[in-house]
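Novice: Below you will find the structure I want to go over with you.
Nothing in this text is a laboratory measurement; each read-out follows from the coordinates by a stated rule. In this text the structure is predicted, and so the values were computed from the model without any measurement. With ideal geometry, Cβ positions are generated from the backbone for all residues, glycine too; neighbour counts draw on all protein chains shown.
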Amino acid sequence: MFIFWVEVSLQIGMGHFVESLDLAQYLLDLRESVHFILNPYPPACSELHKRKISFTECDIDALDEISLFLRKKKSKCVIINHRSVSLNSLRVLNHEDQTVVLIDQFGGKRVICDLLINRSIVPEWLKYDFVGHQPICRFGGDYAILDNTYEALHEREKAFLENENTVLVSMGGVDRTGATLRIIDAMKSVGNVSKEIITGSGFPHNAKLLRMRENLNNSSFTFFQGVDDLGKRMSKADIVISAGGNTIYEMACVGAPGIILWEDEHEYIQGKAFAEKGVVKCLGNGITTPVKVISNSIKALLKDIDRRKYMSQCGRKMVDGHGKNRIANEIIKLAERTLD
């Protein structure tokens, strides 16, 4: 059994959970068994129920409880995916003689693990202090975990049309600050374009969104929640507006030009790194960037088809959608060596 220990909440969003779920599903398809340990969060638990994946709800800081759980379970390895994993958490796994795969994002920490995955392209986020032995390290966009649909979408050449444009907004599974609402305001003045607004299952501003929709006299808007074909929708969009979290790798993979309106500081850093590679335009914070600036930026990028084509090409070079396969193969090989 492969055990996923995952952090998810309203504050940090669904990103770590979703990428862990994609990797778990790949292992399930290979007839491996998986189990999740996660802090209580209804949207995530509901998704696990829907997929019939077993799980245990446990506070992320309840290390004694997790340690006791691991003693009872016979696992091939523990895959840990937290916003910022603590050394104490890793020591618990080490103490229980577990093979540890660490999926990390920000680096700059002391770690104990056997396999370290970090998809980041930010150089400062790839620096670690290893406690004990040095793990196998797999870094960069080749190790971005995306669901199965992205592999096929990556292979299709993206088409850009002069007049039939779509702008898609997807600010993550939660969007706790409600930046989506401000982006809708900004898009009211963007004419001759289809506007798809997608919110996640953890979106906490549904009441405000409903009132806005009732007062919106504009047939160019369509609204969706919790879609299961986001990759396909992004592959058809001319611009995707995102907060710059996990979605930025998905955008890159399908060749969707992006505008980043970040929520947290790490999304700004990541958005800036992707902007330097030509993949997106990192515009500003989703709450403080003036509505008019957002609107004008969308209009300008829609007019610049050459730039959008260039952004698309840059993204597709960085992320090919096969990261999940690479990681799963590494995990299985590691588990087999441990059992031997």
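Novice: Output the pairs from K50/K232; K292/K317; K52/K76 with a Cα-Cα distance over 26 Å in this structure; if there are none, say none. Mind showing how you got there, number by number?
Specialist: Working: K50/K232 22 Å; K292/K317 32 Å; K52/K76 20 Å.
Violating the 26 Å limit, Cα to Cα: K292/K317.
Novice: For I260, I184, I305, which order do you get if you count the other beta carbons within 10 Å of each Cβ and list the fewest first?
Specialist: I305, I184, I260
Novice: Here is a further query. If we count other beta carbons within 10 Å of each Cβ, what is the order of C45, C113, C282, fewest first?
Specialist: C45, C282, C113
Novice: What does the highest-first list of 270-277, 76-83, 219-226, 127-134 look like by mean Cβ count within 10 Å?
Specialist: With the highest mean Cβ count within 10 Å placed first, the list reads 76-83, 270-277, 219-226, 127-134.
Novice: Only helices at least 18 Å long along their axis, Cα-based, and averaging 0.5 or more on Kyte-Doolittle count here, so list those DSSP H runs from the chain.
Specialist: For the chain, where a helix must reach 18 Å along its axis and average at least 0.5, the hits are 291-303.
Novice: How much space per residue, in cubic angstrom, does the convex hull of the C-alpha atoms of segment 149-318 take up?
Specialist: Numbers: hull volume 17.0 nm³, N = 170.
Value for segment 149-318: 100 Å³ per residue.
Novice: Here's a follow-up. Can you put M14, M318, M171 in order, fewest other beta carbons within 10 Å first?
Specialist: Ordered from fewest to most neighbouring Cβ atoms within 10 Å, M14, M318, M171 come out as M318, M14, M171.
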